[in-house]
Each structure stands twice: as structure tokens, then as C-alpha cells.
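Here's the structure, in C-alpha cells; my notes come after.
The values are calculated or read from the model by the stated rules, or taken from the named source; none is laboratory data. As the structure is a prediction and not an experimental result, all values here were calculated from the model. In this analysis, Cβ positions are derived from the backbone assuming ideal geometry, glycine residues included, and neighbour counts consider all displayed protein chains. Just so you know, the surface numbers come from the protein's heavy atoms only, side chains and all, with ligands and any DNA or RNA stripped out. Shrake-Rupley method; radii C 1.70, N 1.55, O 1.52, S 1.80 Å.
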Amino acid sequence: MIYTLPPLPYAPDALEPKMSQETIEYHYGKHLQTYIDNLNRLCEGTPYAEMSLEDIILTASGPVFNNAAQVWNHTFFFNSLTPKPEPMPLELKDYLIRDFGSVETFKEKFKKAATDIFGSGWAWLAQDGDGKLHIIQESNAGNPMRAGLKPLLTIDVWEHAYYIDYRNRRAAFVDNCWELIDWKKVVERMHEPDPKYIEETVVVAETTRDGFTEMMAEAIMEDEKDMQKYVCVTCGWVYDPEEGDPENGIDPGTPFKDLPADWTCPACGVGKEYFEPER
């Protein structure tokens with residue numbers, strides 16, 4: 001299966017002035033295309049080449065997961081926006097009042113979830129198997145499907161989503177995105193047949209290693225976290241703390257969090273903010 005850039009459901013300048021044509025050209029036309037190119041390259045000759053994006057998201061790890069999830073997330077995000085927004089349907093209002101107390105409370109909590117994510121990520125409205133609605137924060141390429149939830153709405157808060165138009169004013173971007181949401185699309189998603197990712201919840205077991213106290217196990221896991229590999233989402237290059245980056249003055253054994261702020265990917269030159277933990 002060859003993944004291709006999905007058609008944009010509106011003209012590149014249709015969301016102006018809240019989202020500029022330049023942002024669409026870079027965010028949709030370049031960033032999303034890069035994830036697609038990376039995914040096709042990574043999947044070639046592997047079982048993932050014949051899988052749907054949803055199946056890859058549920059089963060893959062590392063660069064394959066990161067790029068597949070970013071393709072799915074971005075496509076979902078752009079399809080959640082419309083140049084001609086309409087008032088929120090009464091049906092959706094009723095569900096929001098049921099699960100959050102009021103539409104205004106939901107609005108405040110959702111915007112806060114999007115604005116407060118540390119680093120890069122996504123704010124989601126998702127639905128569980130019983131129909132209850134949840135606000136979910138996901139970092140990097142995270143997707144609520146891996147927790148058995150059905151995505152209904154998302155806002156992308158990676159810097160490349162808003163920096164051209166808003167610089168570092170993420171909150172202003174979120175406010176303007178809110179005014180572009182296609183609420184009818186959200187309702188349609190609520191009524192779509194439950195896909196299999198709702199039925200196949202991914203469970204991560206929390207275990208303590210034999211022979212270690214809980215405190216010792218936590219310390220070991222923290223050390224392992226420091227030595228976690230990080231993947232460049234732009235080109236797929238992997239930073240391995242055990243190897244470091246000697247050619248650029250980074251000694252072996254240097255955790256990703258300890259890299260200098262001005263360090264860049266040796267392969268493509270992007271900054272640290274374009275790296276994600278290898279899954």
C-alpha cells in the first residue's frame with residue numbers, strides 16, 4: 001500500500017485570516033507530506049506495507065508508529081476544520097452538558113488542555129465504548145485509539161501548526177482554531193460504527209521486576225527513560241544516547257534532555273523540537 005497526501009477539503013486560502021495560506025502550504029503541503037514520505041519508506045518490504053493506518057497505529061512502535069500516527073492525526077485535524085462553521089448542533093450540546101456540566105465548561109477545559117500541553121502534541125475530544133466523552137492530552141504523535149477511544153475532534157499544538165501565523169502565541173491559535181471547527185463533522189463521527197480500535201484496547205501492564213523494591217524499580221525505569229532513543233519526525237534519524245553525536249561534540253552517554261538547546265539533527269538540520277521518543 002502506498003500512502004498519499006489526502007485531498008484538502010477546502011482551498012488553501014479558505015481558512016484565512018485565522019489560518020493563512022502559507023501555514024496550510026507548510027503544515028499540510030510540507031509537514032504532512034514528509035510524514036507520508038517517511039511512512040512509505042519505513043514500511044517498504046515490511047508487513048506494515050499492507051496495513052491500514054489504524055492497524056499500524058495500534059501495533060507499531062518507533063519511527064513507523066510516529067509517522068503513521070502523524071499522518072492520521074494531521075488528516076483528521078484538517079478534516080475537522082471548515083471555512084464555513086455552523087452553530088454547534090443541539091445533540092452535541094446535550095452530550096457535552098451531560099459529561100462536562102455545560103458547553104462553556106467543555107470549551108474552557110478543551111482549550112486549556114490544548115494550551116497547557118508541554119512541548120508538542122494534540123488535544124482530543126474522544127468517545128469511549130459507552131458513549132461518554134473525554135478530553136485527552138497526547139504528546140508528540142499520541143492518539144487516543146491506543147487507549148480504546150474513538151477520536152471525535154483534535155487540535156494540533158505542534159509549533160509548526162501555528163508559528164507562522166502566531167509565533168509563540170499558542171493560546172491565540174487555539175482560540176482561532178475553535179472558530180473553524182466543523183461541529184457537524186464531530187456529530188457524524190459520534191454516530192459512525194465503532195471501528196475495531198474501540199474493541200481492541202491496548203493494555204500496558206504495570207509490573208515491578210522480581211527481586212527489586214518498588215523504589216529501586218522506579219529508579220531503574222527513570223535511568224532507562226534518560227537513555228531512551230529519540231527519532232527525528234522529519235527525516236527518521238535516531239538519536240541514541242549510548243552513541244551520542246561525537247561529530248557534533250555530543251559525548252556517548254548523553255541523554256536527549258541534556259543536549260544543548262541549539263543542537264540540530266545531523267541528517268536534516270531541524271531542532272530538538274522535531275524529535276519524539278522512540279516507541
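The set of residues in the stretch 168-205 being among the charged types (D, E, K, R) and either open to solvent by less than 20 Å² (accessible area, probe 1.4 Å) or at pLDDT below 95 (or both) consists of ARG189, GLU192, ASP194, LYS196, GLU199, GLU200.
Of the listed requirements (1) in a loop (DSSP other than H, G, I, E, B); (2) open to solvent by less than 30 Å² (accessible area, probe 1.4 Å); (3) farther than 21 Å from LEU153 by Cβ, ASN38 misses just one: (1). In the stretch 218-245, the residues that are more than 10 Å from GLU276 (Cα to Cα) and open to solvent by less than 20 Å² (accessible area, probe 1.4 Å) reach residues that are in a loop (DSSP other than H, G, I, E, B) and at pLDDT below 80 with C-beta atoms within less than 6 angstrom, at least six apart or across chains, in these pairs: PRO241/MET227; GLY244/PRO252.
When the stretch 78-90 is filtered for residues that are open to solvent by less than 70 Å² (accessible area, probe 1.4 Å) and assigned to a helix (DSSP H, G or I), the ones remaining, listed by number, are PHE78, ASN79. Assessment of the stretch 109-116 against the conditions (hydroxyl-bearing (Ser, Thr, Tyr), touching a Lys or Arg at 6+ places or on another chain (Cβ under 7 Å) and in a helix (DSSP H, G or I)) yields at least one matching residue. Please work out which residue is least open to solvent (accessible area, probe 1.4 Å), limiting yourself to the stretch 46-74 and to residues that are more than 18 Å from VAL231 (Cα to Cα), of a type outside the set (Ser, Thr, Tyr) and free of Cβ contacts under 8 Å to residues at least 40 places away in the same chain. Result: ASP55.
Every residue in the stretch 91-118 that is under 30 Å from GLY29 (Cα atoms), open to solvent by less than 30 Å² (accessible area, probe 1.4 Å) and over 13 Å from the mean Cα position of the chain (by Cα), please. Let's see the steps before the verdict.
So the first thing to find is which residues in the stretch 91-118 are under 30 Å from GLY29 (Cα atoms), and the list is 107, 110-118.
Keeping just the survivors that are open to solvent by less than 30 Å² (accessible area, probe 1.4 Å) gives 110, 113-114, 117.
Correct list: PHE110, ALA113.
Checking each residue in the stretch 119-161 for being open to solvent by 10 Å² or more (accessible area, probe 1.4 Å) and among the small types (Gly, Ala, Ser) picks out GLY119, SER120, GLY129, GLY131, SER139, ALA147.
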